[in-house]
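Notes for the one structure printed next.
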Amino acid sequence: MDLRELHYEIIYLDKNTQDEVKYNHAFHLDDLSHDLALSIASSLIERDKAHLVYIKLLFLDDQNEEHINNVVTVKRIKDGKIIASHLDSKLKKIIETEL
């Protein structure tokens with residue numbers, strides 16, 4: 001798989017309008033794309049624009065069809081902290097990280 005075919009999609013429901021909003025971001029091996037996507041998601045929650053934000057890492061196959069490689073969920077938990085969680089395929093468990 002060519003890394004140029006990887007990209008992020010950030011998806012959330014706008015709390016005010018209930019509209020689904022999507023952002024796409026190209027992924028490059030030498031940048032901080034993952035940190036940027038997490039920062040955007042965290043900011044949306046901090047600014048009270050969304051309850052929950054999904055970050056999808058997508059790739060294109062040989063027929064240019066899009067497939068999901070991984071999904072990170074960003075949300076605020078009861079104590080007010082913002083966490084990102086994803087399924088670790090090697091450990092086969094959910095990993096949570098405080099942002």
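The values are calculated or read from the model by the stated rules, or taken from the named source; none is laboratory data. Just so it is clear, the structure is predicted and the values come from calculations on it, not from any experiment. Using ideal geometry, Cβ is built from the backbone for each residue, glycine included, and neighbour counts are taken over all protein chains shown. Surface areas here come from the heavy atoms of the whole protein model, side chains and all, with no ligands, DNA or RNA. Shrake-Rupley method; radii C 1.70, N 1.55, O 1.52, S 1.80 Å.
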Residue 35 open to solvent by 50 Å² or more (accessible area, probe 1.4 Å), assigned to a loop (DSSP other than H, G, I, E, B) and of a type outside the set (S, T, N, Q): no
Residues located in region 64-74, provided they are closer than 18 Å to residue 94 by Cα and open to solvent by 80 Å² or more (accessible area, probe 1.4 Å): 68, 69
Condition met for residue 84 (surrounded by 16 or more Cβ atoms within 10 Å (Cβ to Cβ) and at pLDDT 90 or above): yes
Residue match in region 39-46 (condition: more than 17 Å from residue 13 (Cβ to Cβ) and within 14 Å of the chain's Cα centre (by Cα)): yes
Tabulated pairs, region 80-99, first acidic (Asp, Glu), second in a strand (DSSP E or B), C-beta under 7 angstrom, 6+ apart or interchain: 88/95; 96/83; 96/85; 98/83
Qualifying residue in region 47-63 (condition: surrounded by 14 or more Cβ atoms within 10 Å (Cβ to Cβ) and not in a strand (DSSP E or B)): yes
